[in-house]
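Chemist: Sharing a structure, written as structure tokens. Questions coming.
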Amino acid sequence: MGRKISYNRQQVLSAMAQIFVKLGYEGTSLDDLVKASGLLRGSLYSAFGSKRGMFIEALKDCLVQKTNSTLKLDLILVGLLELAPKDVTVRNLIAGWCQNLPQSEVTNLLGQRLLHRAGIKL
């Protein structure tokens, strides 16, 4: 029988989301995720399987949040720019979120966040 989970999954997912947003998917190392989560490397792999699995679980967690926080929008942008072109799972998760909002709202939310992240103020 395995050990009981002794960490707050919500806090770990939030910490991982913040690191992916800060460094980008490709720029994030497992060491960055270990440091941010406070978990051991083996515990992260056991819980999430891979770096991709960690990103997907962090994305899923953000997508179910009721509000469109900057963390949620920024993680969506990381997914769109770095993973969605070649990762069907990430693409489908984000497409599902998009389908629940009017197209103009999706365009406005993501466009504004993208411009903000680029340092462009309108």
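Chemist: Spot the failing condition for Lys72; the list is (1) over 19 Å from Lys22 (Cβ atoms); (2) in a helix (DSSP H, G or I); (3) not aromatic (Phe, Trp, Tyr), and only one is missed.
Modeler: (1)
Chemist: Being assigned to a helix (DSSP H, G or I) and either out of contact with any Leu (no Cβ under 7 Å at 6 or more places or on another chain) or modelled with pLDDT under 95 (or both) is the requirement here; does Gln18 meet it? Steps first, please.
Modeler: On the way: assigned to a helix (DSSP H, G or I): yes; either out of contact with any Leu (no Cβ under 7 Å at 6 or more places or on another chain) or modelled with pLDDT under 95 (or both): no.
Judged against the criteria, Gln18 is not a match.
Chemist: Inspect the range 97-107 for any residue being under 11 Å from Leu59 (Cβ atoms), in a helix (DSSP H, G or I) and either at pLDDT 95 or above or not hydrophobic (A, V, I, L, M, F, W, C) (or both) and give the result as yes or no. Quick ask: steps written out before the conclusion?
Modeler: Pass one, the range 97-107, residues under 11 Å from Leu59 (Cβ atoms): 97.
Still in the list and also in a helix (DSSP H, G or I): 97.
Retained after the next criterion (residues that are either at pLDDT 95 or above or not hydrophobic (A, V, I, L, M, F, W, C) (or both)): 97.
Yes: the range 97-107 contains one or more residues that are under 11 Å from Leu59 (Cβ atoms), in a helix (DSSP H, G or I) and either at pLDDT 95 or above or not hydrophobic (A, V, I, L, M, F, W, C) (or both).
Chemist: Only one of Leu71, Leu33 is open to solvent by 40 Å² or more (accessible area, probe 1.4 Å) and either modelled with pLDDT of 95 or more or over 30 Å from Leu122 (Cα atoms) (or both). Can you tell me which?
Modeler: The unique qualifying residue is Leu71.
Chemist: Residues to consider are Leu44, Leu59, Leu63; find the one that is hydrophobic (A, V, I, L, M, F, W, C), more than 9 Å from the chain's Cα centre (by Cα) and closer than 21 Å to Asn8 by Cβ.
Modeler: Leu44
Chemist: Got a sec? Which of Leu23, Leu101, Leu122 is of a type in the set (A, V, I, L, M, F, W, C), loosely packed, with under 13 Cβ neighbours inside 10 Å and without any contact (Cβ under 8 Å) to a residue 12 or more places away in the chain? Spell out how you get there, then give the answer.
Modeler: Values: Leu23 fails: loosely packed, with under 13 Cβ neighbours inside 10 Å; Leu101 fails: loosely packed, with under 13 Cβ neighbours inside 10 Å.
That would be Leu122, the only listed residue that is of a type in the set (A, V, I, L, M, F, W, C), loosely packed, with under 13 Cβ neighbours inside 10 Å and without any contact (Cβ under 8 Å) to a residue 12 or more places away in the chain.
Chemist: Every residue in the range 30-60 that is touching a helix residue (DSSP H, G or I) at 6+ places or on another chain (Cβ under 8 Å) and not in a helix (DSSP H, G or I), please.
Modeler: Scanning the range 30-60 gives Gly38, Leu39, Leu40.
Chemist: Right, something else. Given the criteria touching an Asp or Glu at 6+ places or on another chain (Cβ under 6 Å) and either of a type outside the set (Ser, Thr, Tyr) or farther than 30 Å from Asn108 by Cβ (or both), does Leu13 qualify?
Modeler: Considered against the rule, which asks whether it is touching an Asp or Glu at 6+ places or on another chain (Cβ under 6 Å) and either of a type outside the set (Ser, Thr, Tyr) or farther than 30 Å from Asn108 by Cβ (or both), Leu13 comes out as yes.
Chemist: Need pairs with beta-carbon distance below 9 Å; first residue closer than 21 Å to Gly24 by Cβ and within the range 34-53, second open to solvent by 50 Å² or more (accessible area, probe 1.4 Å) and among the aliphatic types (A, V, I, L, M); sequence gap 6+ or separate chains.
Modeler: Val34/Leu40
The values are calculated or read from the model by the stated rules, or taken from the named source; none is laboratory data. All values reported here derive from a predicted model rather than from experimental measurement. A quick note on method: Cβ atoms are made from the backbone with ideal geometry, for glycine too, and the neighbour counts reach across all protein chains shown. These accessible areas exclude ligands, DNA and RNA; they are computed on the full protein's heavy atoms, side chains included. Shrake-Rupley method; radii C 1.70, N 1.55, O 1.52, S 1.80 Å.
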